Amino acid sequence: MVDIERVTDYGALSERLAAEVLSCMLDSGENLICLPSGDTPLGAFKIIASKLSGKSNRLNFKLVGLDEWVGMGRDTKGSCQSCMFEHLYKPCAIGRDKIIEFNAQSADLEMECRKMDRFIAENGPIDLAVLGIGMNGHLGLNEPGTSFSQSSHIVPLSETTKKVAQKYFPEPVELEKGITLGLKHFLEAKRLILIASGKQKAEIVRRIMEEEVSERIPATIAKIHPDSTLLIDHHAASALQEE
Ligand code: PGA
């Protein structure tokens, strides 16, 4: 059963998320952490950066990159990896030795998937996976219809994702495919936190909670994960019955 944690606003969500991530980063264990790009975690990243600055190379955690648009990388403005670099890795001075991520510009994307799967099999499971919830309920780039047993894979993007993702880029871009960790990795993670903020997420949050667990809404995996939290602000919670 997923634990629903409703907080008042985006500031409170950011504080709460930052506290969870920092506690995993500061732990002495060699924790493997997966964090999402996107708009929702940016407030938490700012808090993490203010608390972690200068310390990160003495800590034992490693970050596993969640996803990327095929053909893009850290140098592409608007990409997932550029978002992580600008808002987390650079301000926290997290070096490349701590980051394992897809090369979405590789000529052999299948090999990238197998490389990531092998890394997680040998070093995992992921200790803490934090995921944003897409407007269509996707997690990472696991679009509706993705099998719960899927590991890393290359994805034809849904029309919703292609449209919504334009907000990350300075100019309109053609997006066709993504590369992403799979739902299997999230289900096997020791702890799973899904985050959503704002009125535009209220309907998908309602569907996640009210509809049955199904591949039609990937985020419903939170309801079968043994230690998961849906961390949402008041607006994202506004279509839930009790609100
Ligand atoms: P967002 O992205 O945080 O920008 O809303 C979530 C997602 O689509 O995965």
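Since every read-out is calculated from the coordinates, none of them should be taken as a lab result. None of these values were measured; they are calculated from a predicted model. Glycine also receives a Cβ, built like all others from the backbone with ideal geometry; neighbour counts cover every protein chain displayed.
A straight Cα-to-Cα reach below 29 Å connects LYS190 with the lysines LYS46, LYS51, LYS55, LYS62, LYS90, LYS98, LYS115, LYS177, LYS201, LYS223, residues fewer than 8 places away in its own chain not being considered. What does the net charge come to around GLU86 if you take all other residues with beta carbon closer than 10 Å to its beta carbon, with K and R at +1 and D and E at -1? Computed value for this residue: +3. For the stretch 72-208, the residue among PRO156, ILE195, ASN142 whose Cα projects farthest onto the positive side of the dipole built from Cβ charges is ILE195.
Determine the calculated [θ] at 222 nm for the chain from helices alone, applying -39500 (n - 2.57) to every DSSP H run no shorter than 4 residues and normalising by the residue count; nearest 500 deg cm²/dmol.
On the way: 7 runs with 69 residues, N = 243.
Value at 222 nm, helices only, nearest 500: -8500 deg cm²/dmol.
For the pair the stretch 15-78 and the stretch 193-228, the centres of their Cα atoms are 22 angstrom apart.
Over the stretch 1-105, the ratio between the Cα radius of gyration and 2.2 N^0.38 Å evaluates to 1.08. Residues in the stretch 11-24 carry Karplus couplings, in order, of x, 5, 4, 5, 4, 5, 5, 4, 4, 5, 5, 4, 5, 6 Hz; the curve used is 6.51 cos²θ - 1.76 cosθ + 1.60 with θ = phi - 60°, and Gly or Pro positions show x. Across the chain, Cα-Cα pairs farther apart than 28 Å form 25% of the total. Annotation: amide H-H contacts under 5 Å for GLY178 (H modelled 1.01 Å from N, sequence separation of 5 or more, or interchain): VAL70, VAL155, LEU157.
Taking 0.36 nm per residue of separation and subtracting the current Cα-Cα distance, fully stretching the chain between LEU59 and ALA19 would add 12.8 nm.
Our estimate of slack between GLU86 and GLU171, defined as 0.36 nm per intervening residue step minus the Cα-Cα distance, is 28.8 nm.
For the chain, a crude dipole built from +1 on the beta carbon of Lys and Arg and -1 on the beta carbon of Asp and Glu, taken about the Cα centre, is about 580 debye to the nearest 20.
Proximity of backbone amide H atoms, modeled 1.01 Å from N, is registered between ARG74 and no other residue at under 5 Å, excluding neighbours fewer than 5 places apart on the same chain.
Take the Cα of MET111, step 7 Å toward its Cβ, do the same at LYS162, and the gap between the two points is 2.9 nm. Across the stretch 145-162, computed HN-Hα scalar couplings (Karplus, 6.51 cos²θ - 1.76 cosθ + 1.60, θ = phi - 60°) run x, 6, 5, 5, 9, 6, 9, 4, 7, 9, 10, x, 6, 6, 4, 4, 5, 4 Hz from first to last residue, x flagging Gly and Pro.
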